[in-house]
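There's a structure below that I have some questions on.
Readers should treat all values here as calculations from the given coordinates under stated rules, not as data from a laboratory. Predicted model only: the values in this text are computed from it and were never measured. We place every Cβ from the backbone using ideal geometry, glycine too, and count neighbours over all the protein chains shown.
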Amino acid sequence: MIQASKIISGGACPLTILLLFLGVGWGCGPGDKGAGKERAPAPIEVAPVEIGRIELRRQLSGSLSPSADFYAAARISGQVKELRVRVSDPVQRGDIIAVLDDAEPIQAVRQSEANLLVAKANLSEAEARMEIAGKESERVRKLRERGIASESQVDTARAEELSATAGLAVAEAQIARAEAELESARIALSDSLVKAEWSGGGGERVIAERLVDEGDAVGVNDPIFRVVDLSPLTGVVRVTEKDYPYISAGDPIEVRTDAFPDEIFAGVVTRIAPVFSEASRQARVEFEVENADHRLKPGMFVRAAMVLSVVENATIVPDLSIVRRDDENGVFLLAEDRSTVRWQPVEVGIRQGHRVEVRGDGITGEVVTLGQQLVNDGSKVRVTDLEEVGVAQ
């Protein structure tokens with residue numbers, strides 16, 4: 001016992017310790033004192049073979065982004081007169097969120113309205129001339145028929161009528177031009193009101209960022225506010241070539257985030273990139289997460305769990321039971337009388353945590369999970385708790 005204590009305190013391997021506890025009669029080589037004696041049963045631990053459901057799952061890291069994201073920009077140049085919303089404020093489609101200095105647009109509208117009035121007056125004058133010229137031409141024509149007026153008088157009256165007709169056309173064109181100018185001026189005045197306008201999606205979004213202050217000068221298309229849609233949110237993860245064939249649009253996905261570690265948010269795969277990145281050899285996968293309460297935020301880091309494949313009624317063993325012998329995977333099955341073990345080659349399938357799907361013939365009963373290094377096909381065994389004797393794999 002003193003020698004065994006020295007070996008244990010000197011850091012001997014678990015197998016050596018086990019042999020010391022069990023005595024030299026088991027596991028000794030041909031030259032040991034136990035030569036010629038029957039080898040003692042090897043101590044092992046076992047676990048039952050299960051039949052059930054197993055899933056091929058992947059947990060991928062990604063991030064969230066708004067499903068819609070646009071910038072409300074100025075359509076005309078000018079000075080920011082008023083900002084009507086703040087960051088995080090909800091806005092409806094068409095809401096006025098900023099006002100630019102509208103002095104010039106208002107003046108332009110007034111000028112255009114005045115020009116339209118002048119054009120209308122000119123039209124009235126042209127219509128009157130047209131009416132007078134028409135009557136005069138008709139009167140001279142009748143006088144010519146009675147021989148009272150000359151041919152030259154007829155021509156003169158006709159020319160006056162044609163001139164009045166042309167004047168009427170010009171006046172009508174001036175009306176159209178004045179109306180177009182007025183419409184343009186009104187549009188410019190309307191453009192001094194910056195609105196939250198978008199197409200598609202829901203009727204409410206949120207102000208995510210303010211890019212100017214009141215009094216700032218902005219030019220055409222300069223952004224003023226960033227507006228986002230927070231429900232649903234879009235998540236992005238990237239998958240390898242190995243997992244790519246298992247993913248389809250519409251697949252469910254479980255989303256976790258550090259902000260709410262104890263909650264799972266339900267998502268669904270929406271788009272799968274048809275190409276792989278040459279740099280990473282991964283493909284982009286997008287999913288949507290409902291976010292009606294707006295607790296999730298764009299930019300959050302997420303972990304997305306996906307079920308890539310499911311096998312019902314699978315043969316399942318602990319991962320510790322699988323060993324490799326002679327370049328093949330296998331397990332040691334415990335005999336019904338629990339006194340010997342049998343080597344059974346297996347094909348490894350889906351792994352889920354510490355559970356592994358295996359395929360092979362006659363995989364039932366119990367499999368060895370600890371002590372495989374002590375046995376071979378047909379070895380005698382003794383089911384025990386190896387941790388009690390200081391052996392662990």
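Given a Förster radius of 35 Å and the C-beta distance between Lys142 and Glu179 as r, what FRET efficiency does 1/(1 + (r/R0)^6) yield to the nearest 0.05? Let's see the in-between values first.
Values: r = 39 Å, r/R0 = 1.13.
Rounded to the nearest 0.05, the efficiency is 0.35.
Under a no-solvent Debye model with one identical scatterer per Cα of the stretch 264-303, what's log10 I(q)/I(0) at q = 0.15 Å⁻¹?
-0.49
Check Met300: other-chain or 5+ apart residues with amide H under 5 Å from its amide H, H built from backbone geometry?
Leu64
Quote to one decimal, in nm, the extra length available between Tyr71 and Lys297 on full extension: 0.36 nm per residue of separation minus the C-alpha distance between them.
Result: 79.6 nm gained on full extension.
Can I ask one more? Taking 0.36 nm per residue of separation and subtracting the Cα-Cα distance, what length does fully extending Gln153 through Glu278 add?
36.0 nm
Still on this structure, I have one more. Output ³J(HN,Hα) for the stretch 296-306: one whole-Hz value per residue in order, computed from phi by the Karplus curve 6.51 cos²θ - 1.76 cosθ + 1.60 with θ = phi - 60°, and x for Gly and Pro.
6, 10, x, x, 5, 7, 10, 10, 10, 9, 10
Provide the per-residue ³J(HN,Hα) series for the stretch 309-314, in order, calculated from phi with Karplus coefficients 6.51, -1.76, 1.60 and θ = phi - 60°, each as a whole number of Hz, with x at glycine and proline positions.
7, 9, 10, 8, 6, 7
Round to the nearest 0.05 the FRET efficiency obtained for Val99 and Ala128 when R0 = 41 Å and r is the Cβ-Cβ distance.
0.35
Now for a different question. Using the Cα gyration tensor of the stretch 102-191, with a ≥ b ≥ c the square roots of its eigenvalues, what is the shape: rounded (a/c below 1.5), prolate (a/b larger than b/c) or oblate (neither)?
Details: a/c = 6.42, a/b = 5.14, b/c = 1.25.
Verdict is prolate for the stretch 102-191.
Hydropathy first: keep DSSP H helices in the chain averaging at least -0.5 on Kyte-Doolittle, then drop any whose Cα extent along the axis falls short of 27 Å, and list what survives.
Numbers: long enough: 103-145 (63 Å, -0.64); 151-191 (60 Å, -0.07).
Membrane-span-like by this rule: 151-191.
Only Cα pairs under 8 Å and at least 6 apart count here; give the relative contact order of the stretch 103-170 as a rounded whole percent.
Over the stretch 103-170, the number comes to 37 percent.
Also: Nearest 500 deg cm²/dmol is fine: what mean residue ellipticity at 222 nm does the chain get from its DSSP H runs of n ≥ 4 alone, each adding -39,500 (n - 2.57), divided by its residue count? Walk me through the intermediate numbers first.
On the way: 4 runs with 101 residues, N = 393.
After summing the helix terms and dividing by the residues of the chain, the value is -9000 deg cm²/dmol.
Please work out how much length the chain gains when fully extended from Ser88 to Leu320, using 0.36 nm per residue of separation minus the C-alpha to C-alpha distance, in nm with one decimal.
78.3 nm
For Ser309, list long-range residues whose amide hydrogen, built 1.01 Å from N in the peptide plane, is under 5 Å from its own amide hydrogen.
Those lying under 5 Å, H to H, from Ser309 are Leu56.
For the chain, what relative contact order do you get, as a whole percent, if you take Cα pairs closer than 8 Å and at least 6 residues apart?
Relative contact order, the chain: 27 percent.
Let me ask another. When Lys and Arg each count +1 and Asp and Glu each count -1, what net charge do the other residues less than 13 Å away from Ala266, Cβ to Cβ, add up to?
With Lys, Arg at +1 and Asp, Glu at -1, the neighbours total -4.
Count charges around Gly365 for me, please; just the other residues with Cβ under 14 Å from its Cβ, Lys/Arg as +1, Asp/Glu as -1. Numbers along the way, then the final one.
Numbers: positive: Arg338, Arg342; negative: Glu50, Glu336, Asp337, Asp361, Glu366.
Summing Lys/Arg as +1 and Asp/Glu as -1 gives -3.
Also, I was wondering about something else. Can you pull out the GluC sites (Glu not before Pro) in the stretch 205-270 that DSSP calls coil and that have at most 13 other Cβ atoms within 10 Å?
Here the GluC sites (Glu not before Pro) that fit, given the DSSP loop and packing criteria, are Glu214, Glu241.
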